[in-house]
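This report concerns only the one structure given below.
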Amino acid sequence: MEGSIQEYAKIGIVHFMAYPACGGGDGPVLESVEALAKDPLFEVIEVTRINDAALRKQVRSIAEGISVELCFGAQPILLGGGLDLNHPENDERIKAIEAVKHGIDQAQELGAKGVAVLSGKISPDKNAAMARLVDSLRQLGNYAGDKGLPLVLETFDQVPYGKNCLIGSTTDAVTISEEVRKDCPNFGIMLDLSHLPLQAERPEDAIHAAGNHLVHAHMGNCAMDDPNHPAYGDNHPRFGAPGTRNDVPELAEYLRVLLDTGYLDKQNRRVLSFEVKPMAGEASEEIVEESKRKLDEAWKRV
């Protein structure tokens with residue numbers, strides 16, 4: 001493809017995945033955010049909760065000083081707390097809603113441009129569970145909207161060795177989005193190349209099914225063929241790691257469909273973020289650099 005991919009998308013990175021020690025709100029947050037912000041490729045850094053209020057101010061200051069956008073991922077809040085936005089018990093569902101609201105408050109403090117969540121566990125009462133999820137997302141969408149923040153639902157797998165989430169397939173995500181958008185027009189869905197093999201979906205099918213509900217996209221990889229693989233399940237190993245599913249050809253296909261469907265667009269550059277995590281013995285800085293090289297090679301093939 002002629003021209004830089006930065007002409008078509010805001011390239012970002014999921015900070016709390018590249019630096020997993022920061023996923024709980026502590027760890028080397030400041031220095032790692034600063035290092036990513038100084039990388040000229042990245043226009044977006046996706047952060048999660050930061051427990052120290054003073055540190056949140058510093059992170060915002062760094063982002064604003066270097067003109068990098070922040071997005072907020074509430075997924076670690078939900079997953080780390082065992083919280084479920086479609087839980088059958090109302091008290092448990094309220095806990096999840098309130099936890100995300102606290103995350104939205106932090107997102108506003110950080111000056112973030114949006115907030116992402118995921119559904120709860122797959123449930124035998126699918127229709128009722130989807131209705132509960134819609135109700136939760138409407139509450140959160142309105143809460144975020146009052147603060148000027150859009151809300152995004154990320155699709156995940158439904159396999160026991162992964163996240164085993166209600167949403168789930170892209171078609172179900174669209175069904176949810178159609179309902180939530182009736183009250184919250186600033187709502188949409190996120191697709192992640194890492195998750196598509198686990199969801200048994202091809203990029204072409206998932207992206208076309210998502211249509212104009214697709215407002216955020218991630219790039220990554222997964223391992224699902226060997227239970228003994230160190231990144232087995234939804235663990236975002238580096239592109240092309242032995243025993244994994246996505247490398248340059250798969251990334252190129254994903255980018256090609258995003259381009260053909262208009263998600264990648266010079267006139268409306270949307271977020272396209274890496275979500276990669278170091279395996280044992282790998283350094284965060286190394287997998288970030290490796291991901292950048294893979295993206296460059298894949299873009300040349302589009």
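Database remark: amide H of residue 218 closer than 5 angstrom to the amide H of 191, 192, 193, 273 (H placed geometrically; neighbours at sequence offset of 5 or more, or on other chains; Pro and chain starts carry no H).
Before anything else, pin down the relative contact order of region 1-104: Cα pairs under 8 Å, at least 6 apart, normalised by residue count, whole percent. Don't skip to the answer; put the middle values down first.
On the way: 130 pairs, mean separation 23.9, N = 104.
Reported relative contact order: 23 percent.
Close amide H pairs (under 5 Å, H built 1.01 Å from N) link residue 48 with 16, 73, residues at least 5 positions away or on another chain. Each residue of region 9-18 was assigned a 3J(HN,Hα) from its phi angle through the Karplus expression (A = 6.51, B = -1.76, C = 1.60, θ = phi - 60°), giving 8, 8, 6, x, 8, 7, 4, 6, 8, 5 Hz with x at Gly and Pro. The loop-placed trypsin sites (Lys or Arg not before Pro) in region 32-130, going by DSSP, that have at most 12 neighbouring Cβ atoms within 10 Å of their Cβ come out as 38. For residue 121, the lysines whose Cα falls under 26 Å of its own Cα, not counting residues fewer than eight places away in the same chain, are 95, 101, 163, 182, 277.
Computed from phi, the 3J(HN,Hα) profile of region 100-109 under the Karplus parametrisation 6.51, -1.76, 1.60 (θ = phi - 60°) reads 5, 4, 4, x, 4, 4, 5, 4, 5, 4 Hz, with x in place of Gly and Pro. Per-residue Karplus couplings for region 38-52, computed as 6.51 cos²θ - 1.76 cosθ + 1.60 with θ equal to phi - 60°, are listed in order as 7, 6, x, 6, 8, 9, 9, 10, 9, 10, 10, 3, 10, 5, 8 Hz, Gly and Pro entered as x. Here's the picture: charge each Lys and Arg Cβ at +1 and each Asp and Glu Cβ at -1 in the chain, and of 9, 150, 206 the one pushed furthest to the positive end of that dipole is 150. Spherically averaged projected area of the convex hull of Cα atoms, region 5-301: 14.0 nm².
Which loop trypsin sites (Lys or Arg not before Pro) in region 252-290, with loop taken from DSSP, have no more than 13 other Cβ atoms within 10 angstrom of their Cβ? Please report the intermediate quantities before stating the final value.
Details: sites: 256, 266, 269, 270; in loops: 266, 269.
When the trypsin sites (Lys or Arg not before Pro) of region 252-290 are filtered for loop state and at most 13 Cβ neighbours within 10 Å, 266 remain.
Placing unit charges on the Cβ atoms only, positive for Lys and Arg and negative for Asp and Glu, gives the chain a dipole magnitude near 500 debye about its Cα centre. For residue 121, the amide hydrogen comes within under 5 Å of the amide hydrogens of 86, 166, counting only partners 5 or more places away or on other chains and with H modelled in the peptide plane.
From its DSSP helices (H runs of at least four residues, each -39,500 (n - 2.57)), the chain gives a residue-normalised ellipticity at 222 nm of -13000 deg cm²/dmol. Share of Cα-Cα pairs in region 61-180 beyond 20 Å, in percent? Counting pairs separated by more than 20 Å, the tail of P(r) holds 40 percent.
Read the figures in this text as sums done on the coordinates, not as results from a lab. Nothing here was measured: the structure is a model prediction, and the numbers come from that model. Here Cβ is always computed from backbone atoms with ideal geometry, including for glycine, and neighbour counts include all displayed protein chains.
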